Every structure is written in structure tokens, then in C-alpha cells.
1. So which of Lys564, Lys595, Lys506, Lys548 ends up being in contact (Cβ under 8 Å) with a residue 12 or more places away in the chain, of a type in the set (D, E, K, R) and at positive phi?
2. Quick one: in the range 329-342, of everything that is open to solvent by less than 20 Å² (accessible area, probe 1.4 Å) and away from the ligand (no atom under 16 Å from the Cβ), which residue is farthest from Phe213 (Cα to Cα)?
3. With respect to Glu125, determine if the residue is closer than 30 Å to Lys363 by Cβ, among the acidic types (Asp, Glu) and in contact with a Lys or Arg (Cβ under 8 Å, 6 or more places away or on another chain).
4. Could you list, in sequence order, the residues of the range 443-456 that are farther than 16 Å from Pro227 by Cβ and open to solvent by less than 10 Å² (accessible area, probe 1.4 Å)?
5. State all residues of the range 492-517 that are part of a loop (DSSP other than H, G, I, E, B) and open to solvent by 70 Å² or more (accessible area, probe 1.4 Å); if no residue qualifies, say none.
6. Restricting the search to the range 1-14, which residues are part of a loop (DSSP other than H, G, I, E, B) and open to solvent by less than 30 Å² (accessible area, probe 1.4 Å)?
7. Among what's in the range 35-76 and is in a helix (DSSP H, G or I) and more than 30 Å from Ala151 (Cβ to Cβ), pick the residue that is most open to solvent (accessible area, probe 1.4 Å).
8. Would you point out which residue out of Ser82, Ser88, Ser42 is of a type in the set (Gly, Ala, Ser) and within 15 Å of the ligand (Cβ to nearest atom)?
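The values are calculated or read from the model by the stated rules, or taken from the named source; none is laboratory data. Because the structure is a prediction, the values reported are computed rather than measured. Positions of Cβ are generated from backbone atoms using ideal geometry, with glycine treated the same way; all protein chains shown enter the neighbour counts. Note: areas computed on protein heavy atoms with side chains; ligands, DNA, RNA excluded. Shrake-Rupley method; radii C 1.70, N 1.55, O 1.52, S 1.80 Å.
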Amino acid sequence: MPYLEESYDVAVVGAGHAGCEAALACARLGLETIMFTVSVDSIALMPCNPNVGGSSKGHLVRELDALGGEMGKNIDKTFIQSKMLNESKGPAVHSLRAQADKQSYTRQMRQTLENTEHLTIRQAEVSEIVVEDGKLTEVKTFSGAVYHVKAAVLCTGTYLRARCIYGDVSNPTGPNGLQAANHLTDSLKAHGIEMYRFKTGTPARVDKRSIDFSKMEEQFGDKKVVPFSFSTDPESVQKEQVSCWLTYTNEQTHQIIRDNLDRSPLFSGAIEGTGPRYCPSIEDKVVKFPDKNRHQVFVEPEGLYTNEMYLGGMSSSLPEDVQYAMYRTVPGLENVKIVRNAYAIEYDCINSLQLTAALEFKKIKGLFSGGQFNGSSGYEEAAVQGFMAGVNAAMEILGREPVILDRSQAYIGVLIDDLVTKENYEPYRMMTSRAEYRLLLRQDNADLRLRKIGYEIGLISEEEYEKLLWKEKAIQEEVSRLERTNIGTSAAVQEFLSLHSSTLLKSGTTLAELVKRPELDYFMLTELDPNRPQLPEDVQEQVNINIKYEGYIKRQMQQVAQFKKLENKKIPADFDYSQVSSLRKEAVQKLNHLKPMNIGQASRISGVSPADISVLLVYLEQMRHGGGKH
Ligand SMILES: Cc1cc2nc3c(=O)[nH]c(=O)nc-3n(C[C@H](O)[C@H](O)[C@H](O)COP(=O)(O)OP(=O)(O)OC[C@H]3O[C@@H](n4cnc5c(N)ncnc54)[C@H](O)[C@@H]3O)c2cc1C
């Protein structure tokens, strides 16, 4: 029977947060792109928390935006509350988080995708990949249709052989009861791809009318909203916002959970998959932190169009009667009505050590992957991987160099490097503590770090790039103006300093030196700086940070220079480590298996010691001078 047969440049399997970014990147670079999903109604679905961003995740979204991705713009158009987190701490951990109207978020992303040239959306389950001589040539759907492609990007998320579980109820479906994708895993295994079984969980959604908010702490958004996207006009995001609410579990909640652990699929072994350590279920928290007498519960609106409220911090897979009992012990939820039960979901994903830093399978040329399928967890982690995998599939088709960001350039670089060099036996979630150079990788300077790369890829417009060059110049000029502007010891200056409990001047100094004082900053010194030019707020912010943290930034730049030295020591892709006699057996095995690109990456592989690295450095040096063979 003849099947449907079509040809495209690239196929993207998945329309979740990873698939959307991958498909947009490929289509916007002019490639004929087909994006598959099991349900067109689930494009950019948010099956869990109703927000984008948060600690370190906000950094990822801003970096994605700087490079030319879509998530930042999409949330700026659909948020219902926005907050800059950790503002009382240093700028390295400031991070934006915005509550989304989930339906608007999906609708907005769908509109953008449906109106993108070179992009075809197809509701069909991809069930097979075809590989010839180590190169991907086709993807096939369950209906038997054949799509000839030059590359494919797998972004299947939590759908591969998905199973949703609570209590002794187990449904072979994807999130929100959507169809699972049950056929592709076998094809991937047949091509030698190593698969893992992971799990994650979500809390119940409850009816707002059944909540007593008077027993909770109201959480407001910021008065002045900062947009996620560097292209969004800040004025356009100043709007009315909704509130979130904070309440807590208590000993009664914990006792109900302890009394029913035998009915928890998590503890009865009914759940095989490995869950995220940093996103634990409430039963996990009660068991792991027995001394804690309460856990936070964030009650968040799912959107303006519904009364559904999300109970953040209480994800679970306990039976529904236990869910009711435990939720109703929480202040404000005494009469709560559950709209959707909490549940856990198990799904297939890959061992990401099978990927290069370009997110291409080492064994199958032209096959790329991104998102939860790579063993990560979170919308933001998924979106940045989808983008990078899409860009690199496009680069390969266009015969251009892959785009690889290292750990000193971006959180995206840290995320991907961790996935492709470190063993991840549980869903990987980004955290600021994972980034060595986090003072340089701030969310406020993502455009200064990455816009140029987005422009060179071809996903940032000339106009946006011009704006960046102007901003860079304005920052430099203002910093050097402050360094050149002398301040004397006049009465007005001394009065200003004492007003701000700042040490009086014994002799003249510069404005820049005053900015460095902990009790002062660039914004406060306007009074002493009559010739100050009118500058946009984002430029002022950079001027203030660059001067205030100059010493720390310099030190971190020196550390980066050391880091780069090892990153630039390339290792031939086909290097055989068994040739290096004094390398330890474990190191030889690990290095031959993972084939790191450079010495820096080799040094981050667990089981490879600093001594092994020194041996390797000497051997590679000898090889460069004609001794040693590889
Ligand atoms: C129940 C639940 C709880 C979660 N809890 C958390 C949490 O607590 N913290 C957190 O950070 N993240 C959580 N997440 C994860 C978060 O939702 C994901 O990280 C994010 O959605 C991943 O995006 P993605 O693009 O990789 O995949 P998804 O958003 O899952 O999208 C996958 C896409 O692939 C399509 N697809 C899959 N297989 C095929 C196929 N064979 N053929 C065609 N199309 C296919 C689907 O239709 C869908 O469009 C949770 C997810 C779920 C479902």
C-alpha cells in the first residue's frame, strides 16, 4: 500500500518547549521544517508549574532570547505576574520569574509557529527513524508515512512510553491525558541508543472558589516589571497583575502522608522511573526531611480564563483519597475541591552522554535531540536545548560550523556540558551553583554576552545588533567618564556623603571610586553628577555593576582565562587513549567512550583524575612535536 511520502530539510519531533524553539530556529534560517506532535492542541503545553523562569532558569530564558529564541518574547506577551527574585542578594543570583496564563502562552506560541515561513506543523506520532551508513535519512510515522530529511531533532519530552500514576491507578497516557508515544523507543534502541526511564510529578489543581485565602500570605508581583526579552519595550509590560499565595503544610499533613506511604507508588516500587532530586514530591520531602515541621505551598493561578489553582510544592502520586486528606490539612485548603489529581509520570529518555556538545548523537550523523528527552527537567532547560539542537542541525545542513557555548559564556554552555560529560542518573535541573563563573553569567548581561553569536547564526536582526553595539559603546563611554570625573571635598559633597553614612573625603577622588562604596551606587550619585547623560535604565544598570563589582569581575575573568587554556587544548575526535600507556585503565575506558573535544572537557569526566590529565597533556604535547602516535 503506497504511503504518504514527503521531503523536508529537517524534521522536529515534538512541539513542546524544546520542539518549538528547534523548529523556529530551523525555519527562520530558511530550512523547510516539519514539526510533529501527537496533539496540535498541546503546542508549548505547560503540564506542570504555571511559570517561566526562577533561580538560574530566568538566566536560561534571557540567554535564549539574546541568541534569537522565542520563549522570552512569548512569556512577555502572556504573563499575569512578574517578579525579580533574590533582589536582596548580589546581581549574580537576581533572576526573573513570571507567572503565565497557560492557555494564552500556548495560543501565542502556536500563532507564532503557524505564521512562520518554511514551517509545517503535523499532528502525527513518529514511530521510527531510518539510518543509512551512520547517517539519518528518514523519519516514519505510525501511519506509515515516510519523511525524507537531512536531519532530525528529537524533542519528545515526557511522552515516550509515558505512564501516569497515582495510588494504584496507572494510565498509559502522556500529560493531561494526552496520547503517549509508544513506538519510537524500540526504533531508537534498535539503532543502539541507550534509553533511561525517568519520572517527574505534579501537584493537584484545585478550584479557587473552595480556597480560603484569608489564611494565606498574599504574594504580589513587582511594581515595575522587567521584561524577559531584550526586544520587548519595557513600557508594554507594565500592567495589572494577579497575586499568588503562600501557605504551609503541618504535622497533621505529614502524619497522613507517613500513614499512607504503603499506598504510595513511589515507595511501593510501582514507579520504576528515577525522579528529580531538586523537585521532590511532598511524600519525598516528608520522608527525607523528617525534622522539618512545615513545607511551603505556593498557590498559583493557572490563568485568567480559569478557576484552577496550582499547589506548588505539593506534587504527589498518593491515592486521591489521601490527596484530599493531606491537602485539606493545609491552612486555607480545608474545604478544597480537586479539579485534577496530582500524579507522577514515567517516560523514556536517553543517556545524554551519547551526544556531542552540539547535541548530535555521536553514532548517528544528522540526529540531534533536546529537552526532557535528554534527561533534563524544566521548560527553560528544554527550550534552550531545543534551540541549540535546532541551530546545530541547521548549521550541519548549511555546511557551517556547529555553535557550541562553553561554561564561561553561558548557563546554556554549563547545562549542555554537564549533560554530555557527566553521568546524569536523574532529571537534570539547572541551578546557579552549577555555574563556576556566575558573576559573569548574570541574567542582566545575557545580551552583551550572546547577542553577537545570535547575529552571526542569523537569528538576530541587523537592527537588534545595531542596538547592542550602541549599548556596548554607551556603557564603555559612561564608565570611562565616571573614571575621569573628579570629585572634590566641597561642603555639598561632604554633606551628601554624611547623609548616606559614607566616609567623608580627605582629598579629591573620582565618581567611579564613589560608586564602588558599598553604601553608594551609580543611581544615588546623580546629585553629585550634573553632567550625567540621559541613559536607558539597562545601560545605567550595567555601568553600576561593572564599576561596583570590578574587582570580582576581573578575578573571575582571570579564572576564565585559565579555563579557556584547557578548553583550547583540542583532542583529535578519533584519538585512541589506549595508546597512552601511563593512563589508568578506568580513564582510558571513560575517555574512549566519551571522546571529549578538549582537555577541559576531559578533566570534567568523572573517573578521569588530574594525574590522568597531566599524562594526557604531556602525550599530546609530544604528539604535536612529532613524537607519540594517536
Ligand atoms: C506531570 C509533569 C510534571 C512535571 N513536573 C515538573 C517539575 O516539577 N519541574 C520541572 O522543572 N519540570 C516538570 N515537568 C517537566 C516539564 O514539563 C518539561 O520539562 C517540559 O515540558 C519539557 O519540554 P520538552 O519540550 O522537552 O517536552 P514536552 O513539553 O513534554 O513536549 C514533548 C512534545 O513531543 C511530542 N511528541 C513526543 N513523542 C512524539 C512522537 N513520537 N511523535 C510526535 N510527537 C511526539 C508531544 O506531542 C509534545 O508536543 C513536568 C512535566 C510533567 C508532564
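1. Working: Lys564 fails: at positive phi; Lys506 fails: at positive phi; Lys548 fails: at positive phi.
The match here is Lys595.
2. First pass over the range 329-342, keeping only residues open to solvent by less than 20 Å² (accessible area, probe 1.4 Å): 329-330, 332-333, 336, 342.
Keeping just the survivors that are away from the ligand (no atom under 16 Å from the Cβ) gives 329-330, 332-333, 336.
Numbers: Thr329: 14, Val330: 12, Gly332: 6, Leu333: 9, Val336: 11 Å.
Only one residue tops the list, namely Thr329.
3. Details: closer than 30 Å to Lys363 by Cβ: yes; among the acidic types (Asp, Glu): yes; in contact with a Lys or Arg (Cβ under 8 Å, 6 or more places away or on another chain): no.
When the stated conditions are applied, Glu125 does not pass them.
4. Initial filter on the range 443-456 (farther than 16 Å from Pro227 by Cβ): 448-450, 452-456.
Residues satisfying the conditions are Leu450, Gly454.
5. At the first step, the residues of the range 492-517 found to be part of a loop (DSSP other than H, G, I, E, B) are 500-508, 517.
Within the range 492-517, Ser501, Thr503, Leu504, Lys506, Ser507 meet the criteria.
6. At the first step, the residues of the range 1-14 found to be part of a loop (DSSP other than H, G, I, E, B) are 1-4, 8-9, 14.
Asp9, Gly14 - these are the residues of the range 1-14 that are part of a loop (DSSP other than H, G, I, E, B) and open to solvent by less than 30 Å² (accessible area, probe 1.4 Å).
7. Start the filter on the range 35-76 by keeping residues that are in a helix (DSSP H, G or I), which leaves 40-42, 57-67, 71-76.
With the extra rule that they be more than 30 Å from Ala151 (Cβ to Cβ), the set shrinks to 58, 76.
Details: Gly58: 1, Asp76: 17 Å².
This residue is Asp76.
8. On the way: Ser82 fails: within 15 Å of the ligand (Cβ to nearest atom); Ser88 fails: within 15 Å of the ligand (Cβ to nearest atom).
None of the others qualify; the one that does is Ser42.
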